[in-house]
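These notes concern the structure reproduced below.
The values are calculated or read from the model by the stated rules, or taken from the named source; none is laboratory data. These numbers were taken from a predicted model, which means no experiment stands behind them. No Cβ is skipped: glycine too gets one built from the backbone with ideal geometry, and neighbour counts run over all protein chains shown.
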Amino acid sequence: MPPGALRSGPVAAVALWWGGRSGLQAAILALVLLGGFLLGSNTLANMERFGITPGFAFLGRPAGFEIGEALLDYRPQDSYALALLVGLLNTVKVALAGCLIATVLGVLLGVARLSGNALLSGLVQGYVELVRSTPLLLQLFFWSATFQALPSPRQALNPLPGVFLCNRGIQLPAFADGRAGGWLLAAIALALALALAGTVLRRRLGRRDALSGVSVAAAACGLPVALLLASGAPLQVEVPELAGFNFSGGTTVSPEFSALLVGLVVNAAAMIAEIVRSGIQAVPAGQWEAARALGLPRRRIMRLVVLPQAMRVIVPLLTSSYLNLTKNSSLAVAIGFPDLVSVINTSANQTGQVLETMAIMMGAYLTVNLAVSAAMNLYNRRLAARGAR
Amino acid sequence: MTDGILQSAPPLSPPQPRWQRLWIGLFGTPLNAAVTLGCLALLGWAVPPLLRWTLLDAVWVGPADRCADAAGACWAFIGEKLRYILFGFYDQDRQWRPAAAGAILLALAGLSGMPLFWRRATLWLWLFGLAAALVLLTGGPAGPAVPTERWSGLPVSLLLAVVGLVGAFPLAVLLALARRSSMGGVRTLAVLFIEVTRGVPLIAVLYVATLLLPLMLPAGAAIDKLLRAQIAIILFVSAYLAEIVRAGLQSIPAGQYEAAQALGLGYWQSMRLVILPQALRTVIPSIVTLAIGLFQDTTLIIVIGLFDLLNTARTAAKDPAWLGFYDEAFCFAALIYLTVCVIASRYSLWLERRLRR
């Protein structure tokens, strides 16, 4: 290390970062820049040859293609920018729902895998092996074929009251008034926020008795429900009913979205089950024995001793499986769900603005990835800090 | 720890025999009994129809109309379409070539798994084997050339996966070394490449390779579509492999670096002779896991219109004479992937135990 590196200050920091061998580094950097410049100038020349103007002006032009399902109000005469946003929102929708359901299912399966019941643990092991040893795309094709092979609406399966499965998708009961659904979502979000705030407050104040827990739960549930009732939104629930050749009322989940969601969840849950299993097994046996020696019952050993330590192994791995699920949702393009990649592909083929659309696609995935990693790292740091205290 | 605590603990019960532990697990408590009965009910609901479809009611030989009447699977379809599913559009009378190429690739992968072959001479074996496989697929000096548009089926899946991993290796080692280098500029370049590549899905990289790469070449130049997919896979895999190699480099104690330096070895010499042989050996199980994922991920080339095993299986069920036997086609493809991947993951577990010793 050169002696100057020991001094502090921005110049010294840059010198430390740069290290030595300036000639070699400059040569490598110049080579990379030259390569980038050559490829870039070729691209621009080719675009000019095909009569394409580089730049993002095409985003304002009307897209002109239909998108099967959209969270926003989208029509073909809307702009490319809106079409891409619709695709991105579809990706975010399936990724969010997938992560949530896969976590619940994966934790249950991981605990089942560790159970002393050989039959249950063997079944879960078989499921995990089957899922991990076949390509995800093959699984998605299978689910897609399954949802398309469901009976027509007239012979729809009815596994639960008000829920129908047919080749037009999954029919679910929903609020008759669209606003009520929005209020319900807001109420659930408020309940989660209140519960989180209450738990943190409870921990800060050092009150951990059952009574304060009940009061937090009551406040978290009661307030949003009161708000929902006070909002005056009509609360009638509409159950889907067969009318002619299709269902009316309620809400419909498309077969493409269902197949994608089920495929991603089944796949990710197997990975998460393995993560949970390895996390719990990573806690040394001595911890179990020590807790037992303290006279703690099994349930509290799990909650107070084993899980907090297992979480430190589980959370980083869980982050990467969430990221994988988000990236895997791009396989939607193969089974006809209009996610970001699918919309990008159509836009690139229609406009010829390949460079720009590819840049948007990479940028969108990198942003989503960074956001998920940042959120999970924040949580992970809290976990690590709690362990150190 | 004092003796007093130990003495006050209840005496350990003698270890129970295996069947007794099994019985307690299955029916020891009411909850366990309920779980067991639930599992049995699930099996009873799922297994008999599956068994009937796959075996009892299945049609094993015969024309398509015999399958139409049967309630079970139509394995006759697989028998009829076997050559198409395995080799796709490759010239009918020359399909021994892709078969031999696939066998060479499998043999190379299998041999490299044996610790006996973890030596420098294996590199030559690889070079020779890969060249032979490529010559066989292209048609070689003896026969007429077969364009890559007609390469399809299982050999393509194997080729993309094996060449993807082997081709990524040199790049991955360089990236891993660059990421651990003390040179800031080089380090930043490596970090940028690795993190950006790991941040986007393989499909995105494949689209970039198919749509953007042709634009990046000078006018008139063109790269074959399969080669473009192969380049995309190599670049994609190299980012993941680099992180694995980096983990291996980090696991080597500093004493090894210092000892190599004390012997008067330069940077490249000490890496080549001391550090990398040890680092790579420790991460072989992770590389096997990556290879399993890569073999499965080669199916994604379907989205850019290439024909791997999964795509030939799927299109086999689009033949008007045998329309709609998707379940059978997918089951057959799944069986092949399952066999390869289960063998590989069992091997990885065995290796992990062996290396730990």
ask   = out of contact with any helix residue (DSSP H, G or I) (no Cβ under 7 Å at 6 or more places or on another chain) and more than 14 Å from every other protein chain (Cβ to nearest Cβ) - does that describe any residue in region B:37-48?
value = yes
ask   = Do we have any residue at all in region A:268-284 that's in a helix (DSSP H, G or I) and surrounded by fewer than 17 Cβ atoms within 10 Å (Cβ to Cβ)?
value = yes
ask   = Quick one: is B:I284 crowded, with 18+ Cβ neighbours inside 10 Å and at pLDDT 90 or above?
value = no
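For every residue, the table says whether it meets (1) facing chain B (nearest Cβ under 9 Å); (2) within 29 Å of A:P135 (Cα to Cα); (3) without any contact (Cβ under 8 Å) to a residue 60 or more places away in the chain; (4) outside any helix (DSSP H, G or I).
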position	(1), (2), (3), (4)
A:N328	yes, yes, no, no
A:S342	no, yes, no, no
A:N349	yes, yes, yes, no
A:E356	no, no, no, no
A:A371	no, yes, yes, no
A:N380	no, no, no, no
ask   = If we keep just the residues of region A:146-194 that are more than 14 Å from chain B (Cβ to nearest Cβ) and among the aromatic types (F, W, Y), which is surrounded by the most Cβ atoms within 10 Å (Cβ to Cβ)?
value = A:F164
query = Can you find even one residue in region B:253-261 that is more than 10 Å from every other protein chain (Cβ to nearest Cβ), of a type outside the set (D, E, K, R) and under 31 Å from the mean Cα position of the chain (by Cα)?
reply = yes
task = Taking B:T299 as meeting all but one of (1) hydroxyl-bearing (S, T, Y); (2) surrounded by fewer than 19 Cβ atoms within 10 Å (Cβ to Cβ); (3) in contact (Cβ under 8 Å) with a residue 60 or more places away in the chain, write down the number of the exception.
result = (2)
key: Cβ-Cβ under 6 Å pairs, at least 6 apart or on other chains, region A:42-63 side more than 22 Å from A:V86 (Cβ to Cβ), far side part of a helix (DSSP H, G or I)   = A:N42/B:M216; A:T43/A:L355; A:T43/B:L215; A:T43/B:M216; A:N46/B:L215; A:P54/A:M47
inquiry  = Among the residues in region B:253-271, are any of a type in the set (S, T, N, Q) and closer than 28 Å to B:T299 by Cβ?
reply    = no
Number of the exception - A:S115 against (1) farther than 23 Å from A:N349 by Cβ; (2) in a helix (DSSP H, G or I) = (2)
ask   = What is the one condition in (1) modelled with pLDDT of 95 or more; (2) away from chain A (no Cβ under 13 Å) that B:P170 does not satisfy?
value = (1)
request  = Looking only at region A:94-115, count how many residues are under 18 Å from the mean Cα position of the chain (by Cα) and touching a residue at least 40 places away in the same chain (Cβ under 8 Å).
outcome  = 11
note = The helices (runs of 4 or more DSSP H) lying entirely within region B:183-247 that contain at least 3 residues which are surrounded by fewer than 20 Cβ atoms within 10 Å (Cβ to Cβ) and touching a Leu at 6+ places or on another chain (Cβ under 8 Å) are B:184-199
note = Only one of (1) closer than 22 Å to A:A282 by Cα; (2) touching a residue at least 24 places away in the same chain (Cβ under 8 Å); (3) within 14 Å of chain B (Cβ to nearest Cβ) does not apply to A:W143, and that is (1)
